[in-house]
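Enquirer: Handing you a structure now.
The values are calculated or read from the model by the stated rules, or taken from the named source; none is laboratory data. All values reported here derive from a predicted model rather than from experimental measurement. Cβ placement follows ideal geometry from the backbone for every residue including glycine, while neighbour counts extend to all protein chains displayed. When the accessible area is computed, the model is the full protein with side chains, heavy atoms only, and any ligands, DNA or RNA have been set aside. Shrake-Rupley method; radii C 1.70, N 1.55, O 1.52, S 1.80 Å.
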Amino acid sequence: MSDGGSLYRTYSATCAGIEAVKITVEVSITPGVGIFLVGLPDNAVRESMLRVTTAMQRNGYAVPGRKVVVNMAPADIRKEGSGYDAAIAVAMLAASGQMFFPEPEKYLVMGELSLDGRLRKVKGVLPVAEQAGAMGFGCVVVPRESATEASWAEGVRVYGVSDLQEMAVVLGGGKDADAFLVHGREYCPSAVHVTYDFADVAGQPFAKRGLEIAASGGHNVLLCGPPGAGKSLMAKCVASILPPMTRREALETSMIYSVSGLLNEESGLVTCRPYRSPHHTASRVAVTGGGARAMPGEISLAHNGVLCLDEIAQFPASTLDVLRQPLEEGRIVISRARYKVVYPASFMLVASMNPCPCGYAGEDDGRCTCTQGMIYRYRSRVSGPLLDRIDLNINVRAVDGAGMSALSGQEGSREISSRVRQARDVQLRRFAEDGIFTNSQMRPSHIKRYCRVGMEEEKFLRRLMDSYGLSARGYVRILKVARTIADMCGDENIKIDHISEAVQYRLQ
């Protein structure tokens with residue numbers, strides 16, 4: 001080492017939402033005493049110096065007895081978590097001349113170090129590996145426990161290592177590094193695990209048809225009816241009729257779970273559509289995301305799946321109102337004093353509620369004891385703007401004795417699921433070049449292109465708007481649902497029959 005000291009750079013990454021941000025780790029060793037860490041690190045990163053130096057010593061390396069400055073750039077981004085340990089250790093070993101890494105600019109390094117030099121799993125490996133190629137890296141080196149999820153990334157070579165010694169072999173290049181190369185696998189969606197089946201739902205043909213339409217187009221739906229009518233059961237059954245995820249959908253959802261640290265270590269990928277059902281006592285941050293480290297909430301964990309809000313009127317109004325943006329845009333923007341992140345949140349909302357505080361308003365038996373004022377206050381807990389973003393409003397009536405006795409002849413989820421899959425396949429082919437998956441995700445440009453109607457249908461829609469005072473959003477959502485019904489019927493064009501059925505679920 002010359003008197004001017006030495007400087008070495010390695011590269012790691014962090015996640016802002018599910019967007020990867022390159023972090024350059026610079027280590028300078030010059031005459032002097034002390035180890036200094038700069039670059040806006042949080043407490044977990046500050047503690048990394050103790051982990052790194054201890055791991056180096058236990059693996060037979062010397063801690064440089066000079067002035068060591070570790071800089072993490074860019075300095076205006078707060079560095080959080082323990083995923084930078086490996087990059088810092090590599091840079092220190094190379095700068096001190098104890099290891100030789102000929103092409104550091106090719107490798108992106110992530111991993112937490114234990115005190116004995118082994119690497120531990122870290123969060124956010126999948127989105128980092130997926131975007132590593134776009135950041136200019138050809139290789140990604142991660143802990144062996146995280147290698148499975150990283151292997152789903154395309155365009156980069158993924159290496160899984162267990163400790164500093166194996167890390168040195170990989171970064172040193174050569175044929176020995178191939179022993180740690182992790183090969184990708186062919187995507188195979190998981191079969192739907194049917195816990196709740198529509199065959200167990202007594203009666204309710206109108207509600208079942210509405211939920212089939214909703215599942216076919218990914219539409220939001222609200223079930224309103226008395227206690228015991230089967231609202232909660234039908235909401236749970238929706239998961240059993242959803243089609244398998246495509247590889248792109250699985251990657252999008254898995255990146256969110258990777259950032260949350262919830263990915264399965266064996267598969268490294270979410271292959272079954274998520275179904276999230278938070279309790280009404282859940283905090284707004286838990287539902288929408290945020291907190292000290294900008295973690296994704298339930299609405300993002302439900303991306304490409306179902307968010308079930310049972311008894312939606314019991315949720316705080318502040319929580320429900322935050323749902324407006326994701327229901328409209330398919331994403332949630334979380335802005336705080338220290339950060340601003342964007343998480344995907346394109347989910348199918350399945351909500352249920354009673355029609356009044358006692359639950360029996362509208363029933364013929366006269367059991368309802370609520371005044372009109374009580375009913376109005378109860379229903380106003382779900383705001384008009386939120387209701388306007390729900391495509392299908394389904395009134396569920398109590399099941400009588402005849403409906404219960406006919407339970408054995410009910411159509412099951414398997415039969416409904418096959419029809420839903422056929423309708424989704426039509427949409428996948430239609431939107432193959434548009435970056436969306438379902439009719440519910442259509443933007444104005446898609447509406448103009450795929451929801452054209454004839455003169456008679458246009459006149460019918462105008463009469464509906466004038467008669468019922470539909471908003472522009474209501475008009476568009478009727479068109480989206482009608483497009484889904486047409487797809488279910490195998491029709492290329494939207495007809496009056498499709499619009500009429502869509503309106504039934506809009507004007508409840």
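Enquirer: Every residue in region 422-442 that is of a type in the set (D, E, K, R), surrounded by 14 or more Cβ atoms within 10 Å (Cβ to Cβ) and more than 18 Å from residue 488 (Cα to Cα), please. Walk me through how you get there before you give the answer.
Expert: Taking region 422-442 and keeping what is of a type in the set (D, E, K, R), we get 424-425, 429-430, 433-434.
Filter once more, so that each one left must be surrounded by 14 or more Cβ atoms within 10 Å (Cβ to Cβ): 424, 430, 434.
434, the sole residue that qualifies.
Enquirer: For region 1-111, give me every one of the helices (runs of 4 or more DSSP H) that falls completely inside it and has 2 or more residues that are more than 24 Å from residue 296 (Cα to Cα) and either touching an Asp or Glu at 6+ places or on another chain (Cβ under 9 Å) or basic (Lys, Arg) (or both).
Expert: Helices (runs of 4 or more DSSP H) meeting the threshold: 48-58, 85-95.
Enquirer: Inspect all residues belonging to region 399-421 and state whether any of them is touching a residue at least 24 places away in the same chain (Cβ under 8 Å), farther than 20 Å from residue 208 by Cβ, surrounded by 14 or more Cβ atoms within 10 Å (Cβ to Cβ) and among the aliphatic types (A, V, I, L, M).
Expert: Checked against the condition, which is being touching a residue at least 24 places away in the same chain (Cβ under 8 Å), farther than 20 Å from residue 208 by Cβ, surrounded by 14 or more Cβ atoms within 10 Å (Cβ to Cβ) and among the aliphatic types (A, V, I, L, M), region 399-421 yields no hits at all.
Enquirer: Please work out if residue 103 is more than 24 Å from residue 47 (Cβ to Cβ) and of a type in the set (D, E, K, R).
Expert: So residue 103 fits the description; yes.
Enquirer: Name the one entry in 154, 186, 166 that is open to solvent by less than 80 Å² (accessible area, probe 1.4 Å), without any contact (Cβ under 8 Å) to a residue 40 or more places away in the chain and closer than 26 Å to residue 264 by Cα.
Expert: Only one candidate qualifies: 166.
Enquirer: Here's another thing I want to ask about it. Of the residues in region 1-17, how many are under 22 Å from residue 78 (Cα atoms), touching a helix residue (DSSP H, G or I) at 6+ places or on another chain (Cβ under 9 Å) and open to solvent by 20 Å² or more (accessible area, probe 1.4 Å)?
Expert: Going through region 1-17 one residue at a time, the tally reaches 5.
Enquirer: Among the residues of region 307-340, which ones are surrounded by fewer than 21 Cβ atoms within 10 Å (Cβ to Cβ) and assigned to a strand (DSSP E or B)?
Expert: Answer for region 307-340, where residues must be surrounded by fewer than 21 Cβ atoms within 10 Å (Cβ to Cβ) and assigned to a strand (DSSP E or B): 331, 333, 335, 340.
Enquirer: Does residue 55 count as surrounded by 17 or more Cβ atoms within 10 Å (Cβ to Cβ), more than 28 Å from residue 253 (Cα to Cα) and either in contact with a Gly (Cβ under 6 Å, 6 or more places away or on another chain) or polar (S, T, N, Q) (or both)?
Expert: Yes; evaluated as a whole, the condition is true for this residue.
Enquirer: Would you mind telling me which numbered condition in (1) open to solvent by 10 Å² or more (accessible area, probe 1.4 Å); (2) more than 25 Å from residue 47 (Cα to Cα); (3) in contact with a helix residue (DSSP H, G or I) (Cβ under 8 Å, 6 or more places away or on another chain) residue 120 fails?
Expert: Condition (2) is where residue 120 drops out.
Enquirer: Next question. Anything in region 304-355 that is without any contact (Cβ under 8 Å) to a residue 24 or more places away in the chain and among the small types (Gly, Ala, Ser)? List them, or say none.
Expert: Selection gives 335, 337.
Enquirer: Failed condition for residue 142, given (1) closer than 30 Å to residue 267 by Cβ; (2) of a type outside the set (Lys, Arg); (3) modelled with pLDDT under 95, with all others met?
Expert: So the condition that residue 142 fails would be (3).
Enquirer: Still on this structure: Could you grab the pairs with beta carbons closer than 6 Å, sequence gap of 6+ or different chains, first residue in region 377-388 and among the basic types (Lys, Arg), second one open to solvent by less than 50 Å² (accessible area, probe 1.4 Å)?
Expert: From region 377-388, the pairs are 381/313.
Enquirer: Could you count how many residues in region 348-386 are surrounded by 13 or more Cβ atoms within 10 Å (Cβ to Cβ) and among the β-branched types (Val, Ile, Thr)?
Expert: Adding up the residues that qualify gives 3.
Enquirer: Tally time: how many residues in region 77-117 are of a type in the set (Asp, Glu), touching a helix residue (DSSP H, G or I) at 6+ places or on another chain (Cβ under 7 Å) and surrounded by fewer than 19 Cβ atoms within 10 Å (Cβ to Cβ)?
Expert: Count: 1.
Enquirer: With respect to residue 199, determine if the residue is touching an Asp or Glu at 6+ places or on another chain (Cβ under 9 Å), farther than 25 Å from residue 357 by Cα, touching a residue at least 60 places away in the same chain (Cβ under 8 Å) and open to solvent by 10 Å² or more (accessible area, probe 1.4 Å).
Expert: Yes.
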